[in-house]
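Report on one structure; see the data block that follows.
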Amino acid sequence: MSVKKDSYKKNIVKQLYFSPALSCADISEKINKSLPLTTKTVNELIEEDYIIENGYAASSGGRRPLTYSLKPDVLYIVSIAMDQFVTRIAIMDMQNRYVTPVEKFDLILAKNPEALATLAENINSHINASGLPKTKIAGIGIGMPGFIDAGKGINYTFLEAPFGNIPSYVAEKTGLDVYIDNDSSLIGLAELRFGAARNKANAMAINIGWGVGLGLILEGKLFRGCNGFAGEFSHIPVFSNNKLCSCGKKGCLETESSLSAIVEKAMTGLNNGQISILKGQLNTLETEMAFEEIIRAAQNGDQFAVELFSEAGYNIGRGVAILIHILNPEIIILSGRGSLAGKILKAPVQQALNELCIPRLAASSEIEVSALGYEAELIGSAALVMENYENKIRKNIAVLNEQTNFYTKNN
């Protein structure tokens, strides 16, 4: 098979991953190739058992075209979602369904020089336990916190590689292509491709976690900024509270609205005699488990726990109000782990916007709790692999062209 033909096929696979039912005309438009070439390549993929006919499209007044979809088991993706304390790994098929249970393990990133080696070891163990051949794995996608230059493969905050960069290190240990990006950017990518931001030109996905990140969708595309650092919503200086932020500054948004802040305030309140079903048990738990207890209490109607989320939601709304005046988005999606609080968090965010936004601007921006929720980062990590699926082929084409030009000049 020629390199170019392989590139066409990979691009079609990529398009069908993101849009599960497309006609040949749809695919032709998306890959910018002629309809005859697209039809021929689709038929070849059917013969190779990659694609199946999906029935006829809904009638729009003319002859209904056949649509096609990927077989879910033609390829798999290793998807990894990291935060500062816990890492999750799962293998997904082409319909973003888990083919292995989500494995969750403690991995502290701060001041841990062994973190990357531990990650690579766990990835290999998970793949080996799955029994899947690596030839059927499209790649590994990793979402992680920190200041990340995805193009250079560097996380300037965590996970320093002993050689090369993060993707090359993990690739050397696993034998698979590896892609990394900021966790909030990948949550934005998941919402753009599969969630509430699909078909939206301008949207904001708020990643409510140990910090408060932001996935920005501008003009229908994920916006990362000049070197990948866009969306550091956590560090907008909103408060004059003299609280030290994880970034080293004071008064940042995350000091009053992150899950870390909720846990801290819960412990302080209980120590000061707050009445709650939580009682004093939080002091004996690690941050991860303490949060799980607090959100469980809030979901069960505990007034103190609900008040903690309400206060955090209102403070997030203060930051969102600033962004609405600058970016005028169609939709603000409350996503990430904190979105498990649902309406408890949504209502105070809306209250802050009602109080602080110019009404004409606020009226144009819908607030929605993510349907993807805590799974958004895993879905985004998988989507990152497929976003880059044909990139390796393009590099091969560039090398082939360079070799051809060299041969032509010297013969």
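The values are calculated or read from the model by the stated rules, or taken from the named source; none is laboratory data. Remember, predicted model here, so these are calculated numbers, not experimental data. Virtual Cβ from ideal backbone geometry, glycine too; neighbours counted across all protein chains shown. Just the protein is used for accessible areas: all its heavy atoms, side chains included, with ligands, DNA and RNA removed. Shrake-Rupley method; radii C 1.70, N 1.55, O 1.52, S 1.80 Å.
Accessible area per residue, 1.4 Å probe, Å², for the chain: what's the number? Provide the component values of the computation, followed by the final result.
Values: 19310 Å² over 411 residues.
Value returned for the chain: 47 Å² of accessible area per residue.
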Fill in the blank from the handout: Connecting every pair of Cα atoms under 10 Å apart in the chain and solving the GNM, the largest mean-square fluctuation among Ser23, Ser258, Ser335 falls on Ser23
Exercise for the section: Treating only the Cβ atoms of Lys and Arg (+1) and Asp and Glu (-1) as charged, compute the dipole magnitude of the chain about its Cα centre; round to the nearest 20 debye. Expected result: 1080 debye
Fill in the blank from the handout: Listed residues Pro167, Pro113, Pro348; largest mean-square fluctuation, Gaussian network over the chain with Cα springs below 10 Å, found at Pro113
Practice task
State the extension gain, in nm to one decimal, for the chain segment bounded by Asn112 and Lys250, taking 0.36 nm per residue of separation less the distance between their alpha-carbons.
Solution key: 47.2 nm
Problem - Spin-label pair Glu29/Phe229, simplified geometry with 7 Å Cα→Cβ offset, distance in nm - result: 4.0 nm
Fill in the blank from the handout: Contour minus Cα-Cα span, Lys4 to Phe85, at 0.36 nm per residue, comes to 24.8 nm
Handout entry: Cβ charges +1 (Lys, Arg) and -1 (Asp, Glu), total dipole of region 91-162, debye
Key = 220 debye
Exercise for the section: For His325 and Gln95, calculate 0.36 nm times their separation in residues minus their Cα-Cα distance, and state this gained length in nm to one decimal. Expected result: 79.1 nm
Practice task
Place a label point 7 angstrom from the Cα of Lys243 along the Cα-to-Cβ direction, then list the residues of region 142-160 whose backbone nitrogen is under 15 Å away.
Solution key: none
Exercise for the section: Using the Cα centre as the reference, give the magnitude of the dipole from point charges on the C-beta atoms of region 220-334 (Lys, Arg: +1; Asp, Glu: -1; all else neutral), rounded to the nearest 20 debye. Expected result: 360 debye
Practice task
Have a look at the DSSP beta bridges in the chain and tell me what percent are antiparallel, nearest 5.
Solution key: 60 percent
Completion exercise
Here the net charge surrounding Glu307, from other residues whose Cβ is less than 15 Å away from its Cβ (Lys, Arg +1; Asp, Glu -1), is -2
Completion exercise
Among Gly248, Pro237, Ala171, the residue whose Cα sits farthest towards the positive end of the charge dipole of the chain (+1 at Cβ of Lys and Arg, -1 at Cβ of Asp and Glu, taken about the Cα centre) is Ala171
Exercise for the section: Given the options Leu308, Leu244, Leu16, state which has the largest fluctuation in a GNM of the chain using a 10 Å cut-off (strictly under) for Cα springs. Expected result: Leu244
Exercise for the section: Express the carbon and sulfur contribution to the solvent-accessible surface of region 237-375 as a percent, rounded to the nearest whole number, probe 1.4 angstrom. Expected result: 51 percent
